[in-house]
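Report on the following structure.
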Amino acid sequence: MENLFINIARTLSDWLLQLGLSHFWTDLVLLVVQWTAIILIITLNVIILVWLERKISGFIQQRLGPNRLGPFGCFQTIADTLKLLTKEDIIPSQTDKLIFKTAPMFFIIVSVLLYAVIPMGKDMVVVDLNVGLFYFISVGSLTTIAILMAGWSSNNKWSLLGAMRSVAQMISYEIPLAFSLLGVVMIAGSLNLSAIVAAQSNIWFIVLQPVAFVTYFIAATAELNRGPFDMPEAEQELTAGAYTEYTGMRWALFFLAEYTNLVAVSALAATLFFGGWQGPLLPSWMWIIIKTYLIMLVFMWMKWTFPRIRMDHLMSLSWKVLVPVSLINILVTGVGIEIFKGMGW
Amino acid sequence: MFGKGLLKGLGITAKHTFEREITQQYPEERPHLQDRFRGSLAYDYPKCIACGLCIKACPNNVLTLETYKDEGSRKKKVAYYAIDLQYCLFCNLCVEICPTATLYFTHEFELTSYDREGIKKEYHRPPELVPASKTAAGPAEEDKTPPGGETDDKKVRQMEAMKTALLKNPAKTLGKILPAEEDVAIMSSLMQEDDKILTKLAQLLVEDRDKAAKVATAWVKKGRSSGPPPGAVPPMADGTPRSAAGQSSAEETAPPAADSREAEGGVGLPAEDKAPLGDEADDKRVRQVEALKTALLNNPAKTLGKILPAEEDVVIMSGLMKADDKILAKLTQLLVEDRDKAAKVATAWVAREKKRNPGEGGPSS
Amino acid sequence: MIMNMDSLVFLIISAFTIASALGVVLSRNIIHSALALILTFLGVAMNFFDLGASFLGLVQILVYAGAISVLIIFAIMLVMKPDSAATNPPTPSRDTHFIGGLLAWLVMIGVGMAIGLTRWPAMASEPAEADAVGTLATLLLGNYVVAFEAAAILLLLAAVGAIILAKGDENP
């Protein structure tokens, strides 16, 4: 069980080598297979997540949530997906067509790229980049541009407003997000996510870096444009923000990308603060799934609890609270590390 | 401070998550409705007394009431009642004001329909009531008109019992509605004479005692004025026409019809009592007028004596009548309609005749 | 195989970078230009990756590509006109065309000469160590800490100055 996926991959590469392919092509094919698997998992996962989100929001509001299609309404999102796939694709006449069409693709590509560095289990990482965490942050920052593209090309005031808000929000929250992760990096002594996971074999970093975790969690919520920081969408004021003009599958791609980002951010939180794939009894890939889902549940819980925050409060929270707090956290962490080193740990 | 409120909020939502869902799976699960839930407005046809209070109370003109009266009756009855629920705001005012609890709210709340007319609730007169009132030729049939639909048998039985009681022990039964003993005697004799009176009185007693008392009083007064019943007090010339005639539905059932009295030889001027009748009694009045004409020609002195005090005036008048048929007709009509006016007109005619032939005064009779 | 795989990858990335750079210059739509600039920076970042300098590549993405969004917002807010093509007009006169071209050629020749005349040290025989970040950090915060801090203070001053300018003089 533990090495299920690794064995599958090894069998596949052995088989390809036996067919007479060079190592380069074998690796390429394996990479394609891995990415296909990731995209497939993401898509299927989003179906579950949307259902889960609707169920949880229902329970929190003492409703039942979807319950018509299948047991507990579990086929509801499948039906929704089919509906979105078959819907008419409308592109408004006054849009910037090229950008309008590329924006959702750009968004989903960036979101999927995030998964390259996340260790999904023991020795299960697509690219074990030595600057994995930094990769995550910098690639993640590109989602801003996708939203901006969508908002600008729609030629709609709501879209543009949503895009503007999104940019302001994401640029502001990238800073505390990166700073909060620095504490973890300092303790682990590496930007490599596998190394960070390995560094937590004795103690989870949530214990050592609680402030960093809280800062990360808040900043990540803002980065994800999720409630209570869903200003860019804010359906009550901006219809659907940057996605207002999108229909059918293009809109679904945005939806997909948002949930993909949610999974990625949660998986990163599990990796950085909750020991990643480490855990007893169950296979490692199971552990990361469980942890990721638990963190996503908290994200959903927060979204359906807190009211949307005002834009200026949002900015002042970032610049006046989170940035100083995360800076102080870095200072304290640095001093602490030196003290412990001096004590001979 | 420092996220305490946030944690509190999270706690609340967490608590709600594991509480029982309040969703009702509507089509499968029927909602529990409180007793005073206001669903569709309903109308209980037999109970309605057509008072129209609900129409006045309704702020949105939701309600429509059309009434009819049975011939000779002043009692309004419901011909048609409609509740146009699309305008109803379920304010309960009509239900509050309804004196007989005819209007009430049901628990039915699925009021959707495919067109605007579909949401309108209409109540028509039950079909068994429609022909009875429309084909009613004579006044006699009206009395049989039962007031309500489903309570018919019960009423009939009650009425039979009441009739028996009235015949067997008139003093006791009538004593409740007629204070004077002599009135009771007159009434009981009237009842025994005419079965119609008996039926009517029994019905009134069953339905509405006060009304029965009034009607009975009216009959008794009329009975006194018309003389013939045994033990009746001497006939009073002018009776009490207005009060008697004013009593609804008493008129038709009153046995001593004017014409019959005239045919007997005429006592006083009973025809006048009939004066303020409604239009529906037209041919009856024609008959009265004819009878009065005959009386005037046959016995002018007696008839004219009532309106013309001086004897010579009576003589002149009777002469005029005989000479001119028009005068006769006019006078008769006036006498039937308005006695005072008849007197004035007659006096005027006589005065004019006197002026025209000052010396002459010899009537033919 | 005449061309090995590394060269092929390099060629593809370079072609992509140059094409998007041309897009920046030639596009009449300022937003398109800005977006093409993102692609250019991504191409440069890919070149860094190809050369094994993943950290630099990521810095390229984070700092340059990520900041482009701000540039786009400035473009939208400052020069936005109903017709977006009108926001990026071609240079009006032939003289400026000429001067601009001349300057560009001069710069290009200068850079080319500089590259050609420099005597490059031989490539280090052993490959760069895997943890390039550590080396970079040691250099930045060790040997060149003064320059690093000076740059940091410069940026800080720029940020503070921008805020003061944006807020305006409170006591005019």
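The values are calculated or read from the model by the stated rules, or taken from the named source; none is laboratory data. What you see is a predicted model; the values in this text were computed from it and never measured. We place every Cβ from the backbone using ideal geometry, glycine too, and count neighbours over all the protein chains shown. SASA here: full protein model, heavy atoms, side chains in, ligands and nucleic acids out. Shrake-Rupley method; radii C 1.70, N 1.55, O 1.52, S 1.80 Å.
Please express the shape of region C:13-67 as an equivalent ellipsoid: the semi-axes are the square roots of 5 times the eigenvalues of the C-alpha gyration tensor, given largest first in whole angstrom.
Details: eigenvalues 90, 31, 4 Å².
They are 21, 13, 4 Å, listed from largest to smallest.
Going through region A:282-345, which trypsin sites (Lys or Arg not before Pro) have at most 12 other Cβ atoms within 10 Å and a DSSP loop state? Write down the numbers at each step before the final one.
Working: sites: A:Lys291, A:Lys303, A:Arg308, A:Arg310, A:Lys320, A:Lys341; in loops: A:Arg308, A:Arg310.
The qualifying sites are A:Arg310.
At R0 = 35 Å, how high is the FRET efficiency between C:Val25 and C:Ala151 if r is their beta carbon distance? Nearest 0.05 is fine. Present the calculation step by step, with values, prior to reporting the outcome.
Working: r = 29 Å, r/R0 = 0.83.
Step by step, r from the Cβ atoms, then E = 0.75.
Report the number of Lys pairs in region A:91-342 whose alpha-carbons are under 19 Å apart, with separation of 8 or more residues or on distinct chains. Provide the component values of the computation, followed by the final result.
On the way: A:Lys97/A:Lys157; A:Lys101/A:Lys157; A:Lys122/A:Lys291; A:Lys291/A:Lys303.
Count of close lysine pairs: 4.
Stretch B:Glu96-B:Lys341 to full length: gain in nm at 0.36 nm per residue minus the Cα-Cα span?
Numbers: separation 245, 0.36 × 245 = 88.20 nm, distance 5.01 nm.
Between B:Glu96 and B:Lys341, full extension yields an extra 83.2 nm.
What's the average, rounded to a whole number, of partner chain beta-carbon atoms within 10 Å of each residue's beta-carbon in A:133-141? Could you put the intermediate results ahead of the total?
Numbers: counts 1, 8, 7, 1, 4, 11, 5, 2, 7.
The per-residue average across the peptide is 5.
With just the Cα atoms defining each centre, how far is region A:259-307 from region A:18-62? Give it in Å.
16
What is the interface area between chains C and A, defined as buried accessible area summed over both chains with a 1.4 Å probe, reported in Å² to the nearest 100?
2100
Looking only at A:Val184, A:Val29, A:Val46, which one moves most when chain A is put into a Gaussian network model with springs between Cα atoms under 10 Å?
Its mean-square fluctuation being the largest, the pick is A:Val29.
With a ≥ b ≥ c taken as the square roots of the eigenvalues of the C-alpha gyration tensor of region A:1-131, please select rounded if a/c is under 1.5 and otherwise prolate if a/b is larger than b/c or oblate if it is not?
Values: a/c = 2.34, a/b = 1.46, b/c = 1.60.
In terms of gyration-tensor shape, oblate.
Plugging the Kirkwood radius over Cα pairs into Stokes-Einstein for region A:1-59, at a temperature of 4 °C and a viscosity of 1.567 mPa s, what D comes out in µm²/s?
On the way: Rh = 13.6 Å.
Estimated diffusion coefficient is 95 µm²/s.
For B:Lys47, list the lysines whose Cα falls under 16 Å from its own Cα; do not include residues on the same chain fewer than 8 positions away.
B:Lys75, B:Lys76, B:Lys77, B:Lys154, B:Lys155
State which helices in chain A qualify, where a helix is a whole DSSP H run, it must extend 18 Å or more along its own axis by its Cα atoms, and its mean Kyte-Doolittle hydropathy must be at least 0.0. Could you put the intermediate results ahead of the total?
Values: long enough: A:4-18 (21 Å, 0.76); A:23-60 (53 Å, 1.56); A:97-113 (24 Å, 1.81); A:157-188 (46 Å, 1.17); A:210-223 (19 Å, 1.28); A:248-273 (37 Å, 1.24); A:284-303 (29 Å, 1.34); A:323-342 (28 Å, 1.50).
Span-like helices here: A:4-18, A:23-60, A:97-113, A:157-188, A:210-223, A:248-273, A:284-303, A:323-342.
Would you please name the trypsin sites (Lys or Arg not before Pro) within region B:10-77 that are DSSP coil residues with at most 11 other C-beta atoms within 10 Å of their C-beta?
Working: sites: B:Lys15, B:Arg20, B:Arg36, B:Arg38, B:Lys47, B:Lys56, B:Lys69, B:Arg74, B:Lys75, B:Lys76, B:Lys77; in loops: B:Arg20, B:Arg36, B:Arg38, B:Arg74, B:Lys75.
Passing sites in region B:10-77 are B:Arg20, B:Arg36, B:Arg74.
When only alpha-carbon atoms count, how far does region A:91-342 stretch along each of its three principal axes, as whole angstroms with the largest first?
Taking the Cα atoms of region A:91-342, the three principal extents are 65, 38, 31 Å.
Under a Cβ-only charge scheme (Lys and Arg +1, Asp and Glu -1), can you give me the dipole magnitude of region A:1-67 about the Cα centre, in debye to the nearest 20? Before the final figure, lay out each step's value.
Values: 4 positive and 4 negative charges, 85 e Å.
Around 420 debye, computed over region A:1-67.
Rounded to the nearest 0.05, what FRET efficiency do B:Ala329 and B:Lys75 give with R0 = 30 Å and r taken as the Cβ-Cβ distance? Could you check?
Working: r = 36 Å, r/R0 = 1.20.
Once rounded, the FRET efficiency stands at 0.25.
So if we plug the beta-carbon distance of A:Val207 and B:Ala14 into 1/(1 + (r/R0)^6) with R0 = 22 Å, what FRET efficiency do we get, rounded to 0.05?
Efficiency, from the Cβ-Cβ distance: 0.45.
Between region B:287-353 and region A:86-113, how far is it from one alpha carbon centroid to the other, in angstrom?
Computed from Cα coordinates, the inter-centre distance equals 108 Å.
If each DSSP helix of 4+ residues adds -39,500 (n - 2.57) and the sum is divided by the residues in chain A, what number results at 222 nm, nearest 500 deg cm²/dmol? Could the numbers behind the result be given before it?
Working: 15 runs with 234 residues, N = 345.
It comes out at -22500 deg cm²/dmol, rounded to the nearest 500.
List, in the order given, every pair from B:Lys121/B:Lys214; B:Lys222/B:Lys293; A:Lys83/B:Lys8 whose Cα-Cα distance in the structure shown is over 31 Å.
Working: B:Lys121/B:Lys214 38 Å; B:Lys222/B:Lys293 23 Å; A:Lys83/B:Lys8 39 Å.
The pairs that break the limit, which is 31 Å between Cα atoms, are B:Lys121/B:Lys214; A:Lys83/B:Lys8.
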